[in-house]
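What follows is a set of notes on a single structure, which appears directly below.
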Amino acid sequence: MTIPALAPLFKGPLEPFADALTLGPIENARPGADLLDRAVLRELIERLAPNYGDGDRRAVASIWSKSHFSTLMPSALAANLLLDIDLPIAIDRVGIVSDDMGRTEQIVLEHAGEPLSAGLAEHRFDDLIEAHVAPLIAALASVSGASTKVFWSNAGNVFDYVVRETRRLAASTTGSDAGLALMAKRRKAGRPNPLYATVSYPPGGGRIRRVCCLRYLAPNISYCGTCPIAPQAASRHQAR
């Protein structure tokens, strides 16, 4: 069920995400904080693995994370960027509905959000990035053995796409400007910024990730369309 306050967002390219966020209670939702439990997260990855040839768990965990971030981030970011709504999206405040394959199907919110404070500026994405994405990435790396850079690349790919798409939909907004500024910073709060330049745009066209998502390590799965190590990406790099 689409959250009424967010309904204006879901037209055009954002329409497929209309039901990604919903309001509770939902009977089969588990606490979001459960995803930080190694046993729970491992079980979800194991449930997904047979659908990818029971392959390398680093690849399967990466694929699982891409599904989660693609459920979580488009609607949450669009609400932030276009409507200036601050959603209660921290991982310990949401519920998670998983499908039969273990993938995140819906994010359950405790309320429909509040207006963003005018003073947030640099911190407007903290509930999403610092309080949801960052702890989940730490847990995924711990369970799978893949580098945190792989999962930050997956998150950054979605973040970059949504920020640029919403900027196209609304020529200039404070939110999209803040999102672009975040991705341009090498450091944030005195630490390396894991969302810095996760995607590049070579002169020849297209988008290229800075870090490979590893999905090619799963049987019968090719490189993704933004892969930095696929032959076509390498040729674009050489042409720069």
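Things worth noting here:
- Nearest-20 debye value, the chain charge dipole, Cβ charges on Lys, Arg, Asp, Glu: 1400
- When the Gaussian network model of the chain links Cα atoms closer than 10 Å, the mean-square fluctuations of Ile129, Ile221, Ile89 top out at Ile221.
- Bins of 5 Å from zero: percent of alpha-carbon pairs in region 1-115: 2, 12, 22, 23, 17, 13, 8, 3, 1
- Spatial separation of Cα centroids for region 149-174 and region 51-121, in angstrom: 14
- Region 36-76: Cα Rg divided by the 2.2 N^0.38 Å rule of thumb: 1.20
- Remark: region 23-117 carries a charge dipole of roughly 340 debye about the Cα centre, counting +1 on each Lys and Arg Cβ and -1 on each Asp and Glu Cβ.
- Principal axis dimensions, largest first and in whole angstrom, of the chain by Cα: 45, 42, 38
- Summing +1 for each Lys or Arg and -1 for each Asp or Glu among the other residues whose beta-carbon sits under 11 angstrom from that of Leu116 gives -3.
- Cα-centre dipole for region 126-191 with unit charges at Cβ (Lys and Arg positive, Asp and Glu negative), debye to 20: 320
- For Ala7, the shell of other residues with beta-carbons less than 14 Å away shows a net charge of -1, using +1 for Lys and Arg and -1 for Asp and Glu.
- Neighbourhood charge, 13 Å Cβ-Cβ cut-off, centred on Tyr161 and excluding it, Lys, Arg +1 and Asp, Glu -1: +4
- Per-selection Rg to Rh, region 81-211 - Cα, Kirkwood hydrodynamic radius: 0.96
- Take the Cα radius of gyration of region 1-58 and divide it by 2.2 N^0.38 Å, N being the number of residues; the result is 1.54.
- Label point 7 Å beyond Cα of Thr2 along Cβ direction - residues of region 68-88 with amide nitrogen under 20 Å: 70-88
- With each label modelled as a point 7 angstrom along the Cα→C-beta vector, the Asp126-Ala138 pair spans 1.6 nm.
- Highest to lowest packing among 12-25, 51-64, scored as the average C-beta count within 10 Å: 51-64, 12-25
Rule-based calculations on the coordinates, nothing more; no lab input. Computed from a prediction, not measured in an experiment: that's the story for all the values here. No Cβ is skipped: glycine too gets one built from the backbone with ideal geometry, and neighbour counts run over all protein chains shown.
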